[in-house]
Amino acid sequence: MQDPGRLGAEGEYSIVGPVGEACQISFAFSENPNPAFVNKHLTFAVDPDNASEETVLGALEGCLTGGDGVSQCAGPLFDQVAGMASVRGALEASGGPLPCGQPVEATGDPLYPMPKDGKWGYVDRDGAWQISPQWDRVKDFHEGRAAVGGQHSWGIIDREGNSIVPQEFEGASVQTIGEERWATSPFAPYSEGCTVADIFTDSSQPTFFIDRDGKTYWRDEGPEALRSRDIRAFGSFSEGLAWFREDTSPDDLHGWIDPEGTVVIGAEFTDAGDFSDGLAPASLDDGLAGFISPDGELQLPRKWTLDHAEPFSEGLAYVAPAPFEGAFMTASDFAFQRVLFAGMDGAKPRVAPIDSAGAFHDGLAPVLTEAADGSRAFVYVNTEGEVVFVPDDIDGIKVCDPRTRPEFHNGLVRLVVADDGETCEGQYYTSGLPHYDDAHYVYLDTDGQIALRQEG
């Protein structure tokens, strides 16, 4: 059976036999993102006169979310997931209105993730430690909040390092690092007052919101306006709206809501993104993308002709006019479809295609393009499409993670670079680990100068 309990996994059932007037069934995962769950059994009971697929799945879901009740859940798998479900009490639910939809200005100077002696902490622009190293993985601060975690659990801290959400939760997916599986963060970056959480084994609501104080909203029950809809996911709030993904069998479709849960734009789109500058990317089908206004009407381009589109940032949006083509658009037209390398020593400037790109921040965007010898080049360009600097051209720098297209944040960009300045031979530079055998972290400023470097 696929996807038992909405966990993105596979498992097998077997009938154990009668238990009183009920029928006892055994279940075990044959595949699961969390390897600790595989090949561990749980048993539960169902009424044999009402043993439909729906009731069996319902009983299993009750066991996987930690409830025993009439299902008579038991077994080592149940003991494990029930223990995990007990951490639900660590998150306080709020019955008030959703406090999202308005930007939050974080106070204080920017803080930057920095590893030391195998743990992550945070430093200021001068490299002075503001939060001591203590986590295996961390994320950037947004609106004064950051996700921090270990191999299997994540939480949220404030700028002083105080816990806002305890480090007890794992995301619904994993990544393999070496021979180990590491849980991804269940928390999106804070945006307009809230984060979106997608916590593994929490199937009462696929995703829900957490405010800056760590209180949950819509975790067990959404607003009345959405209760008739089978919501599978929410996006972050941007310009007062958040996209949602709804199961509208046979397909999932996207729409947008306001903080009250009112559907502002109906679920009519196969893909969706954040609003910025009054526009949001949306798709009617594969290869039919464009930008819509808050009334749901197509604004850019005039027809659904883009293969793909990303949200606007600093007045520009990365799009794919066709498969394997990249470009940046303004709110009215294409800005540039090629990047410009300045001519050196009197040579003519050279243009090169955009293979892929990230968003503009601090006036620069990361772009994967083509070098003069035909190899792949990783560069940062300005809003005119001009190459400002090539990290690999900086003395002693060899970037090990260009495929992630690291973006600027608070005036700096964090890169993984080779220790010897020449060779990256490892495989896990995109994993966010605090230590690599042959690489370390540096921060570059918008002039391409080294501003901070990992030590220890």
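Readers should treat all values here as calculations from the given coordinates under stated rules, not as data from a laboratory. This is a predicted model, so every value here is computed, not measured. Note that we place each Cβ from the backbone using ideal geometry, even for glycine, and neighbour counts take in every protein chain shown.
Key figures for this structure:
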read-out	value
Sequence-distant residues sharing a close amide H with residue 121 (under 5 Å, placed H)	114, 116, 134
Neighbour net charge for residue 23 - beta-carbon separation under 15 angstrom, K R +1, D E -1	-4
Column: log10 I(q)/I(0), Debye, Cα scatterers of the stretch 184-332, q = 0.09, 0.13 Å⁻¹	-0.28, -0.59
Alpha-carbon centroids, the stretch 125-159 and the stretch 280-353: separation in whole Å	33 Å
Table column - 3J(HN,Hα) (Hz), the stretch 399-410, Karplus curve with 6.51, -1.76, 1.60, x for Gly and Pro	6, 9, 10, x, 5, 7, 6, x, 9, 5, 8, 6
Acute angle (nearest 10 degrees) that the helix 76-85 long axis makes with the longest principal axis of the chain, alpha-carbon atoms	60 degrees
Global form of the chain, assessed from the alpha-carbon gyration tensor, a/c cut-off 1.5	prolate
Angstrom value of the Kirkwood radius, inverse mean 1/r, which spans all Cα pairs in the stretch 244-364	15.6 Å
Degrees, to the nearest 10: 53-64 long Cα axis against longest axis of the chain	70 degrees
Amide H within-cut-off set for residue 309, under 5 Å, with H built and near neighbours excluded	320
Amide H within-cut-off set for residue 171, under 5 Å, with H built and near neighbours excluded	184, 200
Calculated from backbone phi, Karplus (6.51, -1.76, 1.60) coupling profile of the stretch 16-23 in Hz, x at Gly/Pro	7, x, x, 9, x, 8, 9, 10
Highest-first arrangement of 114-125, 443-454, where packing means the average Cβ count within 10 Å	114-125, 443-454
Net length gained if the chain between residue 348 and residue 19 were fully extended (0.36 nm per residue, minus Cα distance)	110.1 nm
